[in-house]
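Take a look at the structure set out below.
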Amino acid sequence: MRNTILANRLADIAAMAFSGESLNLRKLSDKYGVSSKTIRRDFERLDSVIERCPETGDYKLSQSRGMYNEEDLIRLISNIGFKKALPTKVAKFLRSFINDSVSECYHFLEQPLEADFISSLHSTFETAIKSRLIVSFIYKDKPRLVSPYLLVYSHGSWYLAALSEGTLKTFSLARIKFVSMQKEQFDYDPAVVDKIKEQDTIWFGQPIFNITLEVSKDIAFYFERKALLPKQKIIEKRKDGSLLISSSAWSYNQIASIVQYWIPNIRVISPCELDTYIRNNLSSWLDTTSSKTESVLS
């Protein structure tokens, strides 16, 4: 199961603050194996619940609103997308975790973070989204002019969901360069936000095609435990333990990498074009690898 690193770390830091601990920049940087700049950004994200102590330079639970209640912490956990990862009801789990009655039973694994420079983009896009300002930038060596709507976190990476020439698209923050906010505002449409939040994918603006897959009994458990494919549905569970699964995708690239990961325990039944696409990918990889191997050996 992939837990978002940012959500894990923010939840952990928030829990420490609510339990009365002093938050030291250097110690937290060492604990999570990230830079001090990353922890400082975490503090900025949590500025509604923590504040800097002038005497020590450390951070602690903010006293500006008096005592924070349980609902505040639940709202924070929900907003950073960590709610569904908790094993029990949010309030019950957090209460037990903060009071140390169950904290020793849990360990949150970390994953590599994107480059630190992406953080500077967050504040720029936050301002643009709030102010409804058009933004220009270079993306994949092409100039873009977009109307930004949401910053989206998916599978360990940040994306900007924006309208580009009237089409809803996502842009990887790691590929965005030379960002500039324009003075011109765009006509904000709340329906666009609803559309983004209704999706379980970052793929927008392309026709959907349906897929049928056969999954062997050896890996069926993983697909039953959690939807690994976009819009996944189990059509049939066969007597031998194998599964017949349906899915929908916006691009061959979106689904091919997942299917390739589970080979040889998964088979594309339809469409045949997707099966051909994956076979060509594998053949190309084998040819390239073989050529390089022969070149090294010769």
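Net length available on complete extension from Lys177 to Lys37 is 48.4 nm, with 0.36 nm assigned per residue and the Cα-Cα distance removed. Packing order of peptides 234-246, 279-291, highest average first: 234-246, 279-291 (average count of other Cβ atoms within 10 Å over each peptide's residues).
Taking all protein chains into account, the per residue accessible area for the range 166-289 stands at 63 Å² (1.4 Å probe). Greater than 23 Å separation of Cα atoms is the criterion. Which listed pairs, Lys130/Lys169; Lys169/Lys197; Lys195/Lys231; Lys37/Lys195, meet it? Over 23 Å apart, Cα to Cα: Lys37/Lys195. Projected label points at Lys217 and Lys231, each 7 Å from Cα along the beta carbon direction, are separated by 3.2 nanometres. Simple rule: put +1 on each Lys or Arg Cβ and -1 on each Asp or Glu Cβ in the range 216-298, find the dipole, and look at Ser283, Ile258, Ile235; the Cα lying farthest toward the positive end is Ile235. Calculated on C-alpha atoms, the gyration radius of the range 211-262 divided by its Kirkwood radius gives an Rg/Rh of 0.94. On the basis of the beta-carbon distance and an R0 of 25 Å, Ser123 and Ser19 show a calculated FRET efficiency of 0.30.
Both numbers refer to the Cα atoms of the range 157-286; Rg and Dmax are 18.2, 63 Å.
The values are calculated or read from the model by the stated rules, or taken from the named source; none is laboratory data. Please read these numbers as outputs of a predicted model, since none were measured by experiment. Cβ: placed from backbone, ideal geometry, glycine included. Neighbour counts: every protein chain shown. For accessibility, only protein heavy atoms count, side chains too; no ligands or nucleic acids. Shrake-Rupley method; radii C 1.70, N 1.55, O 1.52, S 1.80 Å.
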